[in-house]
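The values are calculated or read from the model by the stated rules, or taken from the named source; none is laboratory data. The shown structure was predicted, so the numbers you read here are calculated from the model rather than taken from an experiment. Virtual Cβ from ideal backbone geometry, glycine too; neighbours counted across all protein chains shown. Just so you know, the surface numbers come from the protein's heavy atoms only, side chains and all, with ligands and any DNA or RNA stripped out. Shrake-Rupley method; radii C 1.70, N 1.55, O 1.52, S 1.80 Å.
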Amino acid sequence: MLIQDKPLLIGQVTALSGIPIRTIRYYESLGLLQSAGRTEGGFRQFSHDVLTRLSFIKRAQSLGLSLEEIGEILNVHDRGELPCGEVKEKLEEKLAQIDHQVKQLLTLRAELNGLLSGWEDFPAQHEDTICPNIQKEKHW
């Protein structure tokens, strides 16, 4: 029997992947991972492919994919299909979201610059305002 044939305990998965036990349990509860069973003492056991899945999950998260999206991709993989088409589609959607957010941030930046360029120091409190600089109407 090869060493790789022996199931990994959850602590070993943590040591090899750097991912905390709580996170591994959470991923398992979401169906992203599946244990290969339990020891007589009740400890989770995992096959070595769990390390590949964890690596994929972390990389996909770093690219902005949600755990739900990652789960959808893993489901395609688990059916024996290569999920690259789904990954590409989700990354294209993510890129469109980022482009939209950048546009919104640039609009906000321009508004803040305009507000700050016309900033006035008011000597006294006005009854009907909290900060006249941000409560005055926009003139653009």
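Rolling a 1.4 angstrom probe over the protein heavy atoms with all chains in place gives region 60-140 an accessible area of 82 Å² per residue.
Computed 3J(HN,Hα) for region 36-51, one whole-Hz value per residue from the Karplus formula 6.51 cos²θ - 1.76 cosθ + 1.60 where θ = phi - 60°, is 8, x, 9, 6, 4, x, x, 7, 5, 10, 10, 6, 5, 5, 4, 5, glycine and proline marked x. For the chain, lysine pairs with C-alpha atoms less than 27 angstrom apart, excluding pairs fewer than eight positions apart on the same chain, total 9.
Highest GNM mean-square fluctuation among Ser117, Ser17, Ser35, for the chain modelled with Cα contacts below 10 Å: Ser117. Sparsely packed loop sites in region 76-140 (the trypsin sites (Lys or Arg not before Pro) outside DSSP H, G, I, E and B with at most 10 other Cβ atoms within 10 Å) comprise Arg79, Lys138.
One chain, two ends: Glu93 and Thr107. Fully extended at 0.36 nm per residue, the span grows by 2.9 nm beyond their Cα-Cα distance. Comparing Pro83, Pro123, Pro20 in a Gaussian network model of the chain, where Cα atoms under 10 Å apart are tied by springs, the biggest mean-square fluctuation is seen for Pro123. Angle of helix 67-78 to the longest C-alpha principal axis of the chain, folded into 0 to 90 degrees and rounded to 10: 30°. Full extension of the segment from Cys131 to Leu67, taken as 0.36 nm per residue of separation minus the current Cα-Cα distance, would add 18.8 nm. Residue by residue, region 13-30 carries 3J(HN,Hα) couplings of 4, 4, 5, 7, 9, x, 9, x, 4, 4, 5, 4, 4, 5, 4, 5, 5, 7 Hz when phi is fed to the Karplus relation 6.51 cos²θ - 1.76 cosθ + 1.60 (θ = phi - 60°); x denotes Gly or Pro.
Residue order by solvent-accessible surface for Ile21, Ile57 is Ile21, Ile57, largest first, with ligands and nucleic acids left out and a 1.4 Å probe.
Here, the chain yields an orientationally averaged convex hull projection of 15.4 nm² when only Cα atoms define the hull. Largest mean-square fluctuation among Ala60, Ala124, Ala15, in a Gaussian network model of the chain whose springs join Cα atoms under 10 Å apart, belongs to Ala124.
For helix 84-117, report the angle its Cα long axis makes with the longest principal axis of the Cα atoms of the chain; keep it between 0 and 90° and round to the nearest 10°. Value to nearest ten degrees: 20. In a DSSP loop and with at most 12 other Cβ atoms within 10 Å, the GluC sites (Glu not before Pro) in region 31-110 are Glu40, Glu81.
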